[in-house]
Amino acid sequence: MVLFKYLSSNRKEYRKSKMFESRLAEEVSIRRAVERHIESFAFNKGSMIRSVLDQPFCKIILDHLVVDDGLVLEPVEVKSKVNEIIVGWTRKQVVPIVVSELWACQYASLDHVWDDVFSGVMREISLGELFLVVEGLLDDKTAGLSGIFNELWKHDSDVVLGCLLELLNTCLVVESMPTLWRKV
């Protein structure tokens, strides 16, 4: 009986030591893999980032969900509960922003710049401002894909420039512009 207890306790100790050795080996393997990734990232960032981006995406289909010992089967309820759980996992991280003295002085407020310097940027354009811009256009040039020479704008009637002014001010109000203007 004493021999059995001795062998049993030795077997337990042997299993514990083997388990400890395997955990230690796994931890060392993980550390080495992390070090390799760090070295790879330090010397070849592009390759490291590409390898992460090239990973295949897996699609998960959730048709039911077990929550608080209850079963959720309705697709809308499943989606809602999954979103609720994920939002709980991915709460906003509070990270303190540390700014070096060099950048602090670069981003410090300047006394000679008014606080309302940009307040008039989106105000309506006046007819006088439009006339000044049109008068300053270079001759023998066109603006964009329209092919309309600047001389034509300079010699247009006030009605045409009024329509252009209305178009420009409407773009400012609705905060959008024609798609073709963006391609120019």
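Summary table
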{"read-out": "Length gained when the stretch M48-S17 is fully extended (0.36 nm per residue, less Cα-Cα span)", "value": "7.4 nm"}
{"read-out": "Carbon/sulfur fraction of accessible area - the stretch 29-71, other protein chains in place, 1.4 Å, %", "value": "59"}
{"read-out": "Label zone at E129, where the point sits 7 Å out along the Cα-to-Cβ direction: the stretch 154-169 residues whose backbone N lies under 11 Å", "value": "169"}
{"read-out": "Relative intensity, log₁₀ I(q)/I(0), of the stretch 42-126 from a Debye sum that treats every alpha carbon as a point, q = 0.10, 0.16, 0.18, 0.22 Å⁻¹", "value": "-0.75, -0.91, -0.97, -1.14"}
{"read-out": "Modelled FRET efficiency - R0 41 Å, E26 with V78, Cβ distances, 0.05 increments", "value": "0.70"}
{"read-out": "Per residue accessible area of the stretch 113-184, 1.4 Å probe, in Å²", "value": "80"}
{"read-out": "Per DSSP, loop chymotrypsin sites (Phe, Trp or Tyr not before Pro) in the stretch 30-77 with at most 12 further Cβ within 10 Å", "value": "F57"}
{"read-out": "Rounded FRET efficiency, nearest 0.05, which uses the C-beta distance separating I86 from Q55 and R0 of 25 Å", "value": "0.80"}
{"read-out": "Gain upon complete extension [V98, W181; 0.36 nm per residue less C-alpha separation]", "value": "25.8 nm"}
{"read-out": "Label-point separation in nm, V113 to L152, each point 7 Å along Cα→Cβ", "value": "4.0"}
{"read-out": "The chain: radius of gyration over Cα atoms, expressed as a fraction of 2.2 N^0.38 Å", "value": "2.17"}
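The values are calculated or read from the model by the stated rules, or taken from the named source; none is laboratory data. Only a predicted model underlies this, so the values are computations on that prediction, with no experimental measurement involved. Glycine also receives a Cβ, built like all others from the backbone with ideal geometry; neighbour counts cover every protein chain displayed. Accessible surface areas use protein heavy atoms only, side chains included; no ligands, DNA or RNA. Shrake-Rupley method; radii C 1.70, N 1.55, O 1.52, S 1.80 Å.
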